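No value in this document is a laboratory result; all are computed from the given coordinates. All figures in this text were calculated on a predicted structure; none of them were measured in a lab. Positions of Cβ are backbone-derived with ideal geometry, glycine not excepted, and every protein chain shown enters the neighbour counts.
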Amino acid sequence: MSEVVIENLTKKFGKTVVLDHVDLKIDAKEYFVLLGPSGSGKTTLLRLIAGLEDVTDGAIYIGEKKVNDLLPKERNVAMVFQNYALYPHLNVFDNIALPLRVRGWSKEKIKQKVRDVSETLHIQNLLEKRPKQISGGEQQRAALARALVRDPTVFLLDEPLSNLDAKLRVEARAFLKKLQKELGITTIFVTHDQAEATTMATKIAVLNRGTVTQVDDPYALYMKPNDIFTAGFVGSPAMNIVQGAVKRADSELQFSNEDLKLTLGNLTKDAERGVSMGVRPEHLTLAKKGEGLDCIVSNVEPLGSITYVTVNIGKTSFIVQLSGKLDLEAGTPAKIEFDKNNILLFGDDGKRIDSTATN
Amino acid sequence: MKKFSILVTLLLTLISLTYLFPLYWTLITALKTGSEIFSRPPIFFPSQITLSNFYSNGNIFGAVSETAIGSVPWLVDSTLIAILATLVSTFLIAAPAAYSLVRYLRSVWLGRLILFMTMIPEAVFVVPFFLMVAKMSLLNTWWGLIVVYISFTAPFSTWLLMGFFNDVPKSVEEAAQIDGLSPYQIFYRVSLRLVTPGIIAAIILNFISCWNELLYALVITYSPFPAGAQTVPLFLTSFIIIEKEFAWGGLAAAGIFTMLPTLILGVYAQRYLVRGLTMGSVKG
């Protein structure tokens, strides 16, 4: 069980910079998620830790050891691939046993160990089958078993849930989380699915275009995103982000663009730098009459316990999350209210302006 | 649509008949009596079937000369030469070469060059090969022919297998790398196993071409029987002129007999051949 430290890591493919001076510290026993859209470099980072790619610049430490020049097998990491990459010509038992066989374990010890691991993963009745003969979820467990059988110090998972159907994915999420807790192995999990990240991780690093934009626990990431990219990427449906300007009117600050004027309340002077505003759907409320800004309902999506309503103020649209069923129809006028305590402001560099949330 | 498919079926039937006719003709010739073989007009459906061309009065294949006392030594030579050449060329040369070309050199250009090599007519190299084999003192030996057959079969198998190795998912090899397999182990324990259909296709094609090869066998091992090594096609040539006469019946019977291994192989391995030649084609 070791920590993983990444120092000033840069990776280039030819002239393309895939990772740009990345620093990360992953504590021992942590369930660490690398979250980012495709092309953000998250999978490359995982492959660098595994040793499948060469480091261009910087250093990777596993435990105390610098592993830049070590072969994958010398790093004692295990990896589960997106397509599981089971050996198609071997049955599940031999798939799990192969890492031990090439390490020269005795037949008896291998049998015992494979039995133990397959019991942990509930696949003991599949050992005689070939990968093609078992379902996607079972293949995933077989791949996990193959990875875990040699007691790795770091466990790397490259979008292992993306090939499962929705129901299985939710099950696998819970299963993985529980398994990781039981085994206490440092785990690095790559995904582009923010729901996957927030439900499983103890800590999340958000990557965008080869740089880490934020490392935080899931809740902090959701409530206090460092920048406009993270704000938009984490959360579903995405945060409402509106371009505009912050101006001081009388004693209060006001956010405005051509469609709306919104009083922000008392904020520090710093807030005046804001050029965009973000507010999550659950921090908006909608009513037929009353206070708030005038808007027109354009779309209603009932999901049962909650309803998402898209409203327009001029050309600016917002998604509002409301609880329960709603008697609003598309095309009708309504009033929208903003929870002023949960409005985020971003400067023209895309960074969040800190003064907003606290006041 | 239906008209079209009838037309296609007709055309295919015609083509198949063209290919099958020589086989049929050989078969009925082998089963005809001596007079019917030479009758004019030719007889397409023999009135009487006889096995005397295969065996009669202790003579195999109607042996009329002492050089054709039986096919066993030739069969042994042919079998051993074809098997050895095929195995060495497929496993020791083509498979490792194809793998390293695909995974390490990543050169499509080199792959094409290798395919191009297979298109050069064999006759072009007769003289240089004869001289080389002679210099190695391997004339009239198995090894002389084996060396030549390896060098003729390896390029095509290499090209064929390149397509198969290309289809092996990279992540499987990477998983093996992380699991602790050395590059050699990845090749031997994982990738080679995954291209089994290609290996089988290569083995069958190589075996058939070694089995049927006449030109080099004639040049490199042609000395009066019993020589150190003579393959089945040479055995068949011994029927052509026996005292100014063509021993058609014996030749046909021996021909049928010696094509059996390739026929059986071909029928048994048809699905591998089809898969091997279509699925494993190099893209680009």
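Kindly express, to the nearest 10 degrees and within the range 0 to 90, the angle between helix B:248-268's C-alpha long axis and the longest C-alpha principal axis of chain B.
Its long axis makes an angle of about 30 degrees.
So who's got an amide H within less than 5 Å of the one on A:Val320, skipping anything under 5 residues away but keeping other chains? H placed 1.01 Å off N, in plane.
Long-range HN contacts for A:Val320: A:Val309, A:Thr310, A:Val311.
Rank these for me by crowding, B:Ser52, B:Ser47, B:Ser78, A:Ser2, going from fewest to most other beta carbons within 10 Å. Before the final figure, lay out the partial values.
Values: B:Ser52 16, B:Ser47 8, B:Ser78 26, A:Ser2 20.
Ranked by crowding around the Cβ, least crowded first: B:Ser47, B:Ser52, A:Ser2, B:Ser78.
Tell me the relative contact order for chain A as a rounded percent, counting alpha carbon contacts under 8 Å between residues six or more apart.
Details: 753 pairs, mean separation 54.4, N = 359.
Answer for chain A is 15 percent.
Starting from a Cα-only point model with no solvent, please compute log10 I(q)/I(0) by Debye for region A:101-216 at q = 0.23 1/Å.
-1.44
Can you pull the Rg over Rh of the protein assembly as shown, Cα-only, Kirkwood? Please report the intermediate quantities before stating the final value.
Values: Rg = 37.2 Å, Rh = 31.3 Å.
With Rh from the inverse mean 1/r over Cα pairs, Rg/Rh is 1.19.
Using the number of other C-beta atoms within 10 angstrom as an exposure proxy, rank A:Ser40, B:Ser56 with the fewest first. It would help to have the intermediate numbers written out before the result.
Details: A:Ser40 25, B:Ser56 13.
By the 10 Å Cβ count, ascending: B:Ser56, A:Ser40.
Return the distance in nm (one decimal) between the two label points of a simple spin-label model at A:Asn163 and A:Ile241, each offset 7 Å from Cα along Cα→Cβ.
3.3
How far is helix B:2-31 tilted, in degrees, relative to the longest principal axis of the Cα atoms in chain B, given as a value from 0 to 90 rounded to the nearest 10?
Here the helix axis deviates by roughly 50 degrees.
Mean separation of Cα pairs under 8 Å and 6+ residues apart, divided by the residue count of chain B: what relative contact order is that in percent?
Values: 322 pairs, mean separation 81.4, N = 284.
This gives 29 percent for chain B.
Which order, highest average first, do B:174-184, B:246-256 follow once you tally other Cβ atoms within 10 Å for each residue and take the mean per peptide? Working shown, then result.
Values: B:174-184: 20.7, B:246-256: 22.3.
Answer by packing, highest mean first, reads B:246-256, B:174-184.
Using only Cα atoms, tell me the angle between helix B:72-87 and the longest principal axis of chain B; keep it within 0 to 90° and round to the nearest 10.
Long axis of B:72-87 versus the principal axis of chain B: about 20 degrees.
With 10 angstrom as the radius, rank A:Thr187, B:Thr262 by how many other C-beta atoms surround their C-beta, starting from the fewest.
Details: A:Thr187 26, B:Thr262 16.
The most exposed by this proxy come first: B:Thr262, A:Thr187.
From the phi angles alone, apply the Karplus equation (6.51, -1.76, 1.60; θ = phi - 60°) to region A:316-330 and give each ³J(HN,Hα) in whole Hz, x where the residue is Gly or Pro.
For region A:316-330, the Karplus curve yields 8, 10, 10, 9, 10, 9, 10, 8, x, 8, 10, 9, 9, 10, 4 Hz.
So which of A:Lys15/A:Lys351; A:Lys29/A:Lys73; A:Lys315/A:Lys340 end up more than 25 Å apart, counting from Cα to Cα? Could you put the intermediate results ahead of the total?
Numbers: A:Lys15/A:Lys351 28 Å; A:Lys29/A:Lys73 21 Å; A:Lys315/A:Lys340 22 Å.
As for pairs spanning more than 25 Å Cα to Cα, those are A:Lys15/A:Lys351.
Using the Cα atoms of region A:240-358, I'd like the radius of gyration and the largest Cα-Cα distance, Dmax, both in angstrom.
Considering region A:240-358 through its Cα atoms, Rg and Dmax are 14.6, 43 Å.
Using each residue's phi in region A:29-44, evaluate 6.51 cos²θ - 1.76 cosθ + 1.60 at θ = phi - 60° and report the 3J(HN,Hα) Karplus result to the nearest Hz, with x for Gly and Pro.
Once θ is set to phi - 60°, the couplings for region A:29-44 become 6, 7, 9, 9, 10, 9, 10, x, x, 5, x, 7, x, 5, 5, 4 Hz.
If contacts are Cα pairs under 8 angstrom and at least 6 residues apart, what is the relative contact order of region A:13-161 in percent? Intermediate values should be presented prior to the final figure.
Numbers: 155 pairs, mean separation 41.7, N = 149.
Relative contact order of region A:13-161: 28 percent.
In the P(r) worked out for region A:4-233, what percent of Cα pairs fall beyond 32 Å? Intermediate results must be reported in sequence, preceding the final value.
Working: 5001 of 26335 pairs.
Summing the P(r) of region A:4-233 above 32 Å gives 19 percent of all pairs.
Taking beta carbons within 10 Å but only from partner chains, what does the mean come to for residues B:190-197?
Numbers: counts 5, 0, 1, 4, 3, 0, 1, 0.
So the per-residue partner count for this stretch is 2.
Between region B:115-131 and region A:2-45, how many Å separate their Cα centres?
54
Using amide H atoms built 1.01 Å from N in the peptide plane, name the residues 5+ places from A:Asn163, or on other chains, whose amide H lies under 5 Å from its own.
Those lying under 5 Å, H to H, from A:Asn163: there are none.
Work out the mean other chain Cβ neighbour count within 10 Å for the residues of A:73-80 and drop it here as an integer.
Details: counts 7, 1, 1, 2, 1, 3, 6, 2.
So the per-residue partner count for this stretch is 3.
Using the Cα atoms as the points, what is the convex hull volume per residue of chain B in Å³? Before the final figure, lay out each step's value.
Values: hull volume 53.6 nm³, N = 284.
So the per-residue hull volume is 189 Å³.
Go through B:146-154, A:337-345 and give me the packing order, highest mean Cβ count within 10 Å leading. Please list the in-between numbers first.
Details: B:146-154: 22.8, A:337-345: 17.8.
Ranked from most to least packed, the peptides come out as B:146-154, A:337-345.
For labels at B:Leu260 and A:Tyr61 in the simple 7 Å Cα→Cβ model, what's the distance in nm?
A separation of 7.5 nm, rounded to one decimal place.
Averaged across A:81-87, how many Cβ atoms of other chains sit within 10 Å of each residue's Cβ atom? Provide the component values of the computation, followed by the final result.
Details: counts 7, 1, 4, 3, 10, 3, 8.
Mean partner-chain Cβ count within 10 Å for A:81-87: 5.
If amide hydrogens are placed 1.01 Å from N in the peptide plane, which non-local residues have theirs closer than 5 Å to the one on A:Leu157?
Amide H to amide H, under 5 Å and 5 or more residues apart or across chains, A:Leu157 pairs with A:Val80, A:Ile188, A:Phe189, A:Val190.
May I ask you to work out the translational diffusion coefficient for region B:2-50 at 20 °C, viscosity 1.002 mPa s, via Stokes-Einstein with Rh from the Kirkwood sum over Cα pairs, reported in whole µm²/s? Can you show the working numbers first?
On the way: Rh = 12.5 Å.
Result for D is 171 µm²/s.
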